[in-house]
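I have placed the structure first, in the form of structure tokens, so that the comments after it can refer back to it.
Taken together, the values in this text are just the output of simple stated rules run on the coordinates, not laboratory data. Given the structure is predicted, the values throughout are model-derived calculations rather than measurements. Positions of Cβ are generated from backbone atoms using ideal geometry, with glycine treated the same way; all protein chains shown enter the neighbour counts.
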Amino acid sequence: MAEMFKIIGVAFVTSITAVLLKGTKPELSFAVTITGIIVILLFLVDALQGTISVFTKIAQITGIENGLLKVLLKIVGVGYITEFGAGILNDFGSNSIADKVVLGGKITIVMLSIPVMESLLSMIGGFLRLV
């Protein structure tokens, strides 16, 4: 919870500073925005490490294959990174490029999900043979 207040604080300070600089020094506005983004991402690294450890424990308890868990985490990561990147591009007025980033993210997610689908279909096939 405290991390979220830090993130929101950095976001507000970054946004206000970037808006104030945009009229007089647009190149500094961009630099301030990128710096704010990097600081926010650094705050999120700790939270992400805790989340990954929870997923690892769940995988151990349920017996889910470790490689499958990694693929699922990659899929979630690609989704977040895609949304993040497209949002930045939209903020800077590059909507058409942002759309292509989103398309690339969707294609990447489909490619990453193939092993998950294969595993699921294999599991379903095993259940059907038992019946």
Options [x] 47; [y] 55; [z] 20 for percent of Cα pairs over 25 Å apart; the value derived from the coordinates is listed as [x]
Whichever lysines have a C-alpha closer than 17 Å to that of residue 106, once near sequence neighbours (fewer than 8 apart) are set aside = 74
By the Cα gyration tensor axes a ≥ b ≥ c (a/c under 1.5 gives rounded; else a/b larger than b/c gives prolate, otherwise oblate), the shape of the range 1-62 is prolate
Would you mind ranking 46, 99 so that the residue whose beta carbon has the fewest other beta carbons within 10 Å leads the list?
-> 46, 99
Put in order of increasing Cβ neighbours within 10 Å, starting from the fewest, 35, 24 give 24, 35
In whole percent, what relative contact order does the range 48-131 give with Cα contacts below 8 Å and a gap of six or more residues?
-> 28
Quick one: if you stick a label point 7 Å off each Cα along the C-beta vector at residue 60 and residue 30, how many nm between them?
-> 4.7
What is the calculated FRET efficiency for residue 130 to residue 80, with r their C-beta to C-beta distance and R₀ = 41 Å, to the nearest 0.05?
-> 0.60
Full extension from residue 73 to residue 116: what is 0.36 nm times the residue separation minus their Cα-Cα distance, to one decimal in nm?
-> 14.3 nm
